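Some notes on the structure that comes next.
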Amino acid sequence: MTTEYDLGPASMQVARVAAGVRDEHLGLPTPCTDWSVADLLRHLLELTNAFAAAARKTPFPGDGSARPTELPGDWRERLERQLEALPAAWREPGAWEGDAEAGGVTMPASVMGVVAIDELVLHGWDLARATGQPFESDPADVEASLSFAASMSVPGEEAGREGLYGPVVAVPDDASELDRLLGYAGRDPQWAPSGERVDEQPSRGTAV
């Protein structure tokens, strides 16, 4: 039996964080290597459209994976609309059935939907951490994303990880599920824009 998830909570959290992004944040670094906040926002614009098209089984121009180039001036309005349209698309009848394509990859729609959640959770955290905002995630979203990320981190899945995640980052045995997800996805849970680890600057108040 296919497990269907609601992309609403993850989309709403990304929208909340995006609403807190100021113009002076756009040039800041992010946990995504070589990507600024502006680059990350451009990527979010692409992926939200791409995964909505995947749910509807409709073609989407481009593969959503190329390095972002320019952030449109109306990115706030666009991203808000697209983060509303994305969960709506995955609530439509048949969205979780059959195959779906996004980023040049075709897979069962039941897996593609989880990948969409994974992207929202990870990039929501990326954006929050880069701009010094708090981040909260739905436990069900983290659990689904963690299961997917762990499956992509076992020996023999190196090719599948390429372009999706960076090298696995070790986290403590007692790490939270979110931190475990971040580690599997090649992120240091203590990353900070300054280059110092968050646990070395407790006064910043940017803990997940």
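The values are calculated or read from the model by the stated rules, or taken from the named source; none is laboratory data. Bear in mind that the values here come from a model prediction, so they are computed numbers and not experimental data. Cβ: placed from backbone, ideal geometry, glycine included. Neighbour counts: every protein chain shown. Only protein heavy atoms, including side chains, enter the accessible area calculation; ligands, DNA and RNA are left aside. Shrake-Rupley method; radii C 1.70, N 1.55, O 1.52, S 1.80 Å.
Structure data summary
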quantity: Pairwise centroid distance, computed over Cα atoms, of region 137-152 with region 72-134, Å; calculated: 14 Å
quantity: Share of carbon and sulfur in the accessible heavy-atom surface of the chain [1.4 Å probe, %]; calculated: 51 percent
quantity: Cα gyration tensor category, rounded, prolate or oblate, for the chain with a/c compared to 1.5; calculated: oblate
quantity: Helix-only mean residue ellipticity at 222 nm for the chain, each DSSP H run of n ≥ 4 adding -39500 (n - 2.57), per residue, nearest 500; calculated: -14500 deg cm²/dmol
quantity: Relative contact order %, the chain, counting alpha carbon pairs below 8 Å whose residues are six or more apart; calculated: 23 percent
quantity: Check: the chain dipole with +1 on Lys, Arg Cβ and -1 on Asp, Glu Cβ, in debye; calculated: 420 debye
quantity: Å² per residue, accessible surface of the chain at 1.4 Å; calculated: 50 Å²
quantity: Karplus-derived 3J(HN,Hα), 6.51/-1.76/1.60, for each residue of region 19-34, Hz, glycine and proline x; calculated: 5, x, 7, 9, 4, 6, 7, 4, x, 6, x, 10, x, 7, 3, 6
